[in-house]
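Have a look at the structure below, then the notes.
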Amino acid sequence: MGKEVILITGANGQIGSVLAEELRQIYGIANVICSDLQAPRQTIIGHFEQLNVLDAKRMGEIVQKYKVSQIYHLAALLSAKGEENPMLTWNVNMQGFLNVLQLAQNTGIRKIFHPSSIAVFGGRTPKQNTPQFPPLEPSTMYGITKKVGEDLANYYFDKFQIDVRGIRYPGLISYQSMPGGGTTDYAVDIFHKAVNGEHFDCFLRADSKLPMMYMPDAIRATLELMEAPLDQLSIHYAYNLQAMSFTPAEIAAEIQLHIPDFSISYTPDFRQAIADSWIENIDDSLARKDWGWQEEYDLSSMTKDMIEQLQKRKK
Ligand code: NAD
Ligand code: AKB
């Protein structure tokens with residue numbers, strides 16, 4: 001492997017804060033450049049640059065300064081926050097990604113990671129065992145930007161040979177940082193409430209089933225996809241991935257096996273309609289065949305680890 005220098009946009013977020021650590025292990029601290037709109041709250045190891053992804057000029061200066069060869073483009077507004085400001089969501093998610101793609105076309109950037117989401121599904125998408133290429137009729141501005149993002153990734157790949165890779169992540173669950181405004185955030189919040197001995201009022205119905213994944217699996221999948229030989233990838237830009245699917249009632253019952261006093265109530269809000277438009281589980285056979293994707297965590301092992309990790313952090 002030649003020398004790689006990685007730029008992460010949106011690095012302070014739920015994924016970036018974990019991914020940066022993994023990338024530093026692989027490429028070395030000096031070769032991972034974290035960036036975000038705001039300075040990080042905690043001191044981080046290594047380089048950090050304040051960067052609004054809408055500022056193409058500054059993005060170009062950072063790429064030049066560090067001789068960046070790969071970008072993990074994570075800066076985005078997610079589904080729930082996105083519905084509060086759809087125009088800003090369109091701008092940040094679309095123009096931000098276009099700025100990355102244009103920069104790649106004009107510089108030595110060799111590879112880009114751009115996550116998609118289960119938010120691309122909706123309307124006539126089948127909700128069970130959702131195929132890789134179903135009708136995509138997203139119900140949110142966030143989902144629309146992810147769907148167009150997939151098309152842009154494919155276009156730049158075909159037209160300009162830019163190696164853009166992506167995964168349709170399900171809802172991600174992690175203990176390192178709080179999620180940033182999605183519909184699946186309840187599945188992280190619930191653990192914090194349970195471990196702190198508090199009651200949890202869920203913003204989704206008890207029976208609202210969604211696909212989810214534990215962060216270690218999501219990070220491993222991301223790195224495995226980025227490292228896979230290009231000629232093995234049949235789609236590269238938007239792989240379906242499945243790990244586990246559960247409802248709020250099912251995760252609450254699993255938590256109660258460890259914390260019997262934990263209590264939950266349900267007060268669905270506007271996020272219920274978003275969840276209702278999404279799917280329940282996904283056919284990810286292409287990822288399994290192309291690059292050997294295999295999840296390690298299910299609901300039971302993820303719940304056990306989340307509780308242990310959060311309890312450790314409380315001490
Ligand atoms: P997050 O909301 O936790 O983090 C996003 C980061 O982007 C934040 O730190 C925010 O400050 C930054 N940001 C926002 N606007 C910016 C701008 N204009 N310029 C620079 N930075 C800006 O999100 P995340 O969960 O870490 O998600 C990262 C990516 O993964 C997103 O593209 C998201 O759509 C995708 N994804 C996440 C999930 C999930 O469950 N976490 C699921 C599917 C897809
Ligand atoms: C959200 O809920 O918006 C995200 C996602 C599934 O893309 N977690």
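Annotations
- Single condition T107 does not satisfy, out of (1) at pLDDT below 95; (2) within 20 Å of the chain's Cα centre (by Cα); (3) not hydrophobic (A, V, I, L, M, F, W, C): (2)
- Among the residues listed as Y214, Y142, the single one being of a type in the set (F, W, Y), more than 29 Å from I109 (Cα to Cα) and within 14 Å of the chain's Cα centre (by Cα): Y214
- The listed residue being more than 16 Å from ligand 2 (Cβ to nearest atom), of a type outside the set (D, E, K, R) and under 30 Å from A273 (Cα atoms), out of V68, V18, V53: V53
- For region 106-124, filtered to residues that are within 14 Å of ligand 2 (Cβ to nearest atom) and either open to solvent by 60 Å² or more (accessible area, probe 1.4 Å) or in a loop (DSSP other than H, G, I, E, B) (or both), the residue that is nearest to A273 (Cα to Cα) is G122.
Table: residues versus (1) in contact with a Ser or Thr (Cβ under 9 Å, 6 or more places away or on another chain); (2) within 12 Å of ligand 2 (Cβ to nearest atom).
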| site | (1), (2) |
| --- | --- |
| P138 | yes, yes |
| K146 | yes, yes |
| F160 | no, no |
| Y175 | no, no |
| G180 | no, yes |
| T183 | yes, yes |
| V195 | no, no |
| L223 | no, no |
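- Applying the criterion of being over 17 Å from V188 (Cα atoms), open to solvent by 30 Å² or more (accessible area, probe 1.4 Å) and in contact (Cβ under 8 Å) with a residue 40 or more places away in the chain to the residues of region 13-28, the residue that is farthest from ligand 1 (Cβ to nearest atom) is I26.
The values are calculated or read from the model by the stated rules, or taken from the named source; none is laboratory data. Quick caveat: nothing in here was measured; it's all calculated off a predicted structure. No Cβ is skipped: glycine too gets one built from the backbone with ideal geometry, and neighbour counts run over all protein chains shown. Ligands, DNA and RNA are excluded from the accessible area calculation, which covers all protein heavy atoms including side chains. Shrake-Rupley method; radii C 1.70, N 1.55, O 1.52, S 1.80 Å.
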